[in-house]
1. Do the sum for the chain: with -39,500 (n - 2.57) for every DSSP H run of n ≥ 4, divided by all residues, what is the mean residue ellipticity at 222 nm, to the nearest 500 deg cm²/dmol?
2. Could you grab the relative contact order for the chain? Cα pairs under 8 Å, six or more apart, rounded to a whole percent.
3. Counting only protein heavy atoms, what percent of the accessible surface of the chain is carbon or sulfur at a 1.4 Å probe?
4. Normalised by the number of residues in segment 36-175, what is the relative contact order in percent for Cα pairs under 8 Å and 6+ residues apart?
5. Let me check I've understood the local charge: for residue 44, count other residues with C-beta under 12 angstrom from its C-beta, Lys and Arg +1, Asp and Glu -1. What total comes out?
6. Segment 127-208: which trypsin sites (Lys or Arg not before Pro) are DSSP loop and have at most 16 other beta-carbon atoms within 10 angstrom?
7. If I take every Cα pair under 8 Å that is 6 or more residues apart in segment 339-438, average their sequence separation and divide by the length, what percent do I get for the relative contact order?
8. Considering amide H positions built from the backbone, and no H for Pro or chain starts, which residues 5 or more places from residue 265, or on another chain, come under 5 Å of its amide H?
Amino acid sequence: MSILTDTYKSKLVDKKHVLQMISPGDRILCHGGAESFLSLLDDNLEIFHDIKLYTMFMLTRDYRFLRPEMQKYVCHYSTFVSPAVRAAIKNREAPEIILTHYSDTDDFVRYRVNPTVLFCQVTPMDEDGYFTMGYNSLGHRLAASLADKIIVQVNNNLPKIYGECNMLHLSEVSAIYEEDLPIFTGELAPHQQIDLKAAEYIAERIPNGATLQIGVGRVPDAIGPMLYNHRDLGVHTELFSQSIMELMKRGVINNSKKTLLPGKAVFSFAGGKRATQEIYDYVDNNPLVEMYPISWVNDPRIIAKNDNFVSINSALSVDLTGQVCSETIGLSTFTGPGGQLDFVRGARWSKGGRSFIVINSLAKGKDGGQISKIDLALPLGSAVTTTRADVDCIVTEYGVAELRFKSLSERAKALIAIAHPDFRDELAFKARQTGYFI
């Protein structure tokens with residue numbers, strides 16, 4: 001242990017020394033939750049030149065490097081539109097957004113980023129010289145094999161999560177600084193009644209013994225309380241969320257019936273924008289949960305190895321043919337492709353698998369009035385996240401539209417039946433005018 005301790009001390013630096021380790025032309029990969037490092041860059045932008053910074057799921061403050069005039073110093077690229085990036089878009093600033101499925105993360109890191117610098121938060125070193133890289137596995141293990149320099153922040157507040165993809169050895173690390181900071185927690189808003197009603201329709205269709213993926217957001221997360229009477233559920237998901245944790249604590253999820261990695265709750269990142277400290281405490285040193293690379297977890301071919309797989313995700317709008325938009329509000333980018341299509345396809349290929357896209361029937365328009373989230377066509381400029389040939393079931397608080405193998409006429413009728421009652425006659429009129437049905 002003394003040799004490891006001496007090596008550790010030799011690599012220990014003051015935080016500001018990190019600035020001297022970054023050179024013009026560097027390509028830096030960093031998880032968006034690493035506020036210490038990102039703030040250090042942001043506070044010293046003018047000393048840099050031609051730096052490319054790639055983040056994923058940036059959840060914290062409004063950084064100066066998001067502004068176009070700062071891109072000559074540090075040009076920021078994001079693979080997911082988090083609240084901070086969304087605010088920059090709203091202000092008509094132009095952050096660079098890269099559209100990629102989560103299943104492509106390793107190829108994105110390898111072929112687009114090809115990082116020269118990796119920064120990550122880590123837990124304290126263990127007796128064998130290993131750190132664990134926090135609460136996400138978004139290409140960092142591959143990046144560690146590519147980067148010329150690996151800079152780590154040792155943070156005692158990070159959970160230690162099992163999984164080989166999360167391990168980093170002291171011998172790989174270029175520099176270490178120590179700083180204990182709180183990790184990101186979000187607002188866990190209560191579920192609305194319409195969320196719970198939609199979740200109830202999905203819960204009725206989930207068999208005991210199924211393996212679940214529950215997507216990001218309030219609406220998918222509402223499924224948790226609806227499953228308290230289920231048995232022997234499993235988890236294979238990108239996000240380890242509040243509802244999954246609560247189901248595991250109740251013994252509803254025990255992973256005993258999984259056909260791939262039975263006994264383990266498999267995931268790639270914990271918490272997300274609805275993170276709580278309780279989630280981090282639960283996954284810390286918990287042998288029942290294990291982290292795997294998101295490119296592997298989200299690979300539809302891997303997902304399909306789980307029999308009776310159920311995927312639950314949300315959307316922003318749906319058209320009468322079943323096209324699903326989960327990324328944009330008209331021409332405005334709101335989020336990114338994420339892993340929705342990965343899991344829709346994986347569930348479709350799973351023996352006994354189902355996928356559900358859940359959406360509230362109404363949204364508030366710019367004038368303050370109500371608009372239907374189900375319409376004849378997607379709003380102008382909308383991105384199609386899940387294609388109509390891939391979609392299985394669309395769910396609102398009014399029921400379930402089962403669309404797989406349905407004709408255009410059958411799809412339109414099924415979707416109108418779960419739209420808000422105030423819009424059904426109008427949607428039927430539009431469908432007839434378009435020729436979807438007579």
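1. The helix-only estimate for the chain comes to -7000 deg cm²/dmol at 222 nm.
2. Relative contact order, the chain: 13 percent.
3. Within the chain, the accessible surface is 49 percent carbon and sulfur.
4. Numbers: 236 pairs, mean separation 25.4, N = 140.
Computed over segment 36-175, the figure is 18 percent.
5. Numbers: positive: 15, 16, 64; negative: 42, 43, 46.
That sum, taken over residues with Cβ under 12 Å, equals 0.
6. For trypsin sites (Lys or Arg not before Pro) across segment 127-208 that sit outside H, G, I, E and B with at most 16 neighbouring Cβ atoms in 10 Å, the list reads 205.
7. 25
8. Amide H to amide H, under 5 Å and 5 or more residues apart or across chains, residue 265 pairs with 289, 290.
The values are calculated or read from the model by the stated rules, or taken from the named source; none is laboratory data. As the structure is a computational prediction, the values presented were derived from the model and not from experiment. Cβ sites come from the backbone with ideal geometry, for glycine too, and all protein chains shown count toward neighbours. Ligands, DNA and RNA are stripped out before the accessible areas are found, and what is left, the full protein with its side chains, is counted by its heavy atoms. Shrake-Rupley method; radii C 1.70, N 1.55, O 1.52, S 1.80 Å.
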